[in-house]
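A short worksheet on the structure shown next.
The values are calculated or read from the model by the stated rules, or taken from the named source; none is laboratory data. Computed from a predicted structure; not experimentally measured. Note: ideal-geometry Cβ built from the backbone for every residue, glycine included; neighbour counts use all protein chains shown. Each accessible area value is taken on the protein alone, full model and side chains, heavy atoms only, with ligands, DNA and RNA left out. Shrake-Rupley method; radii C 1.70, N 1.55, O 1.52, S 1.80 Å.
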Amino acid sequence: MLRRQLISCFLIVTLSCLSVHWTASQCAPRWDGQGSTPHIREIFIGKCWYYQTRIKVSTSCPKNCTDLWEKFASAFIYKSPCNVTQSNYNDYISAVTDTENIPKDKALLWSGVYPFVYHYSQRGRRLTAMADTFMGYMTNEIGNWCGQEAPPGINYQQCPAWGSCGPRSGVDMVYWEAASKRFAEMASGVVHVMLNGSRVPSYRNTSMFRYVEVPNLREAQVTLLRVLVVHNTGTGQRETCDTGSLIELQNEIKQRGIKFECIDDPQYLTHLLCVDNPGSRECQFAADNILQITNGGSTCGANSQYNYFVLFGYMFIYYIKWPAL
């Protein structure tokens with residue numbers, strides 16, 4: 001009799017534990033993206049010190065990288081990823097940008113041209129894009145991050161994929177919105193923007209450039225928006241400065257009292273694109289133009305092989321003049 005009672009108690013306890021475990025596993029969110037990057041804390045702090053000691057050496061006291069990590073992490077640890085808001089990142093954004101400024105006439109916004117835009121900006125040597133700043137560098141290409149309510153507060157198994165929390169929500173999306181807002185507020189003088197004219201629309205409603213950065217440009221300090229429209233080599237033009245959504249952009253900017261300028265396929269950007277696609281029609285045209293310049297306007301006797309030689313010679317000089325950092 002006693003044995004039966006003991007067996008019954010054991011079964012009840014076992015089934016209860018299994019039931020609790022099953023219920024918890026069913027209720028726990030199952031995200032569809034990769035978990036937080038392993039060793040994200042160490043990576044973040046390492047990038048922080050590298051930027052301050054190798055990329056942009058500060059003449060003042062460097063920022064405490066451990067302190068910056070604590071401010072960044074406090075925005076999302078022990079929180080559900082879809083419940084994090086822009087305001088959660090306010091302390092970190094303020095701390096990382098309080099001594100930073102973007103040189104006048106150097107801000108570079110973009111949409112649909114990653115990673116090409118950073119090949120051009122050259123870590124701020126030519127222009128300054130988001131990831132060229134201290135704020136952007138530390139979180140650019142750091143991978144995923146998200147929290148969970150249970151210890152250790154960071155979910156290394158799974159995070160929501162981009163956009164899966166809904167429109168304009170999610171631990172990473174709201175961060176980049178907050179960072180983009182701050183970057184736009186810091187821009188002054190001539191502000192550049194690089195857009196992809198091979199996609200339609202180029203100025204799309206879902207881009208942070210349109211719904212975050214443009215509204216946060218400050219009329220009192222921005223004198224001109226210069227749009228650089230690039231087209232993928234070999235695909236042709238789909239939108240140009242005087243067509244489609246770029247007309248909408250022009251109207252919005254002018255209504256804000258900011259001057260507007262738009263350039264289709266600036267030659268210096270075409271040359272950079274041709275490094276990867278030297279045989280395309282656009283690059284052959286670029287080679288012919290370079291040859292005309294080097295021959296004083298004459299192309300007599302030129303052949304395609306010589307054109308390519310001149311083109312790559314030009315690109316070699318281009319990179320010697322503006323070396324990567």
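State the number of residues belonging to region 211-234 that are among the hydroxyl-bearing types (Ser, Thr, Tyr) and open to solvent by 30 Å² or more (accessible area, probe 1.4 Å). Talk me through it step by step, then tell me what you get.
We begin by selecting, within region 211-234, every residue among the hydroxyl-bearing types (Ser, Thr, Tyr); these are 211, 223, 233.
Subsequent filtering for residues that are open to solvent by 30 Å² or more (accessible area, probe 1.4 Å) retains 211, 223.
Total satisfying the criteria: 2.
Which residues, taken from region 101-111, are open to solvent by 30 Å² or more (accessible area, probe 1.4 Å) and either charged (D, E, K, R) or at pLDDT 95 or above (or both)?
Taking region 101-111 as the starting set, the residues that turn out to be open to solvent by 30 Å² or more (accessible area, probe 1.4 Å) are 101, 103-106, 110.
Listed by number, the residues that qualify are Pro103, Lys104, Asp105, Lys106, Trp110.
Here Ser245 meets each of (1) in contact with a Phe, Trp or Tyr (Cβ under 6 Å, 6 or more places away or on another chain); (2) more than 27 Å from Ser169 (Cα to Cα) with one exception, condition (2).
Residues in region 92-146 that are closer than 23 Å to Thr233 by Cβ, of a type in the set (A, V, I, L, M) and not in a helix (DSSP H, G or I): Leu108, Leu109, Val113, Leu127, Ala129.
Looking at region 159-173, is at least one residue open to solvent by 50 Å² or more (accessible area, probe 1.4 Å), in a helix (DSSP H, G or I) and free of Cβ contacts under 8 Å to residues at least 60 places away in the same chain? Full working, then the answer.
Start the filter on region 159-173 by keeping residues that are open to solvent by 50 Å² or more (accessible area, probe 1.4 Å), which leaves 162, 164, 167-168.
Those left that are additionally in a helix (DSSP H, G or I): none.
Within region 159-173 (the criterion being open to solvent by 50 Å² or more (accessible area, probe 1.4 Å), in a helix (DSSP H, G or I) and free of Cβ contacts under 8 Å to residues at least 60 places away in the same chain), the answer is no, since none of the residues qualifies.
Would region 77-88 turn up any residue that is closer than 21 Å to Ala187 by Cβ and modelled with pLDDT of 95 or more? Yes, region 77-88 has at least one match. The requirement of being touching a residue at least 40 places away in the same chain (Cβ under 8 Å) and either open to solvent by 20 Å² or more (accessible area, probe 1.4 Å) or of a type in the set (D, E, K, R) (or both) is satisfied by Arg281. Exactly one residue out of Ser111, Ser87 is farther than 20 Å from Ile43 by Cβ and touching a strand residue (DSSP E or B) at 6+ places or on another chain (Cβ under 8 Å): that is Ser111.
Scanning region 122-158 for residues that are surrounded by 15 or more Cβ atoms within 10 Å (Cβ to Cβ), over 20 Å from Gly46 (Cβ atoms), touching a Ser or Thr at 6+ places or on another chain (Cβ under 7 Å) and not hydrophobic (A, V, I, L, M, F, W, C) yields Thr128, Asn155.
Candidates in region 75-85 are the residues that are assigned to a loop (DSSP other than H, G, I, E, B) and out of contact with any helix residue (DSSP H, G or I) (no Cβ under 7 Å at 6 or more places or on another chain); of these, the one that is surrounded by the most Cβ atoms within 10 Å (Cβ to Cβ) is Ile77.
Just so you know, in region 48-71 the residues that are β-branched (Val, Ile, Thr) and assigned to a helix (DSSP H, G or I) include one that is least open to solvent (accessible area, probe 1.4 Å), and it is Ile55.
I'd like to know if region 243-254 contains one or more residues that are in contact (Cβ under 8 Å) with a residue 40 or more places away in the chain and open to solvent by 20 Å² or more (accessible area, probe 1.4 Å).
In the first step, residues of region 243-254 are kept if they are in contact (Cβ under 8 Å) with a residue 40 or more places away in the chain; the result is 244-246, 248-249.
Then drop every residue that is not open to solvent by 20 Å² or more (accessible area, probe 1.4 Å), which leaves 244, 248.
Checking region 243-254: at least one residue is in contact (Cβ under 8 Å) with a residue 40 or more places away in the chain and open to solvent by 20 Å² or more (accessible area, probe 1.4 Å).
Taking region 87-98 as the region of interest, how many residues are closer than 15 Å to Val171 by Cα and open to solvent by 60 Å² or more (accessible area, probe 1.4 Å)? Please lay out each step first, then the result.
Of all residues in region 87-98, those closer than 15 Å to Val171 by Cα come to 87-90, 92-93.
Okay, now just the ones that are also open to solvent by 60 Å² or more (accessible area, probe 1.4 Å), so 87, 90.
Total satisfying the criteria: 2.
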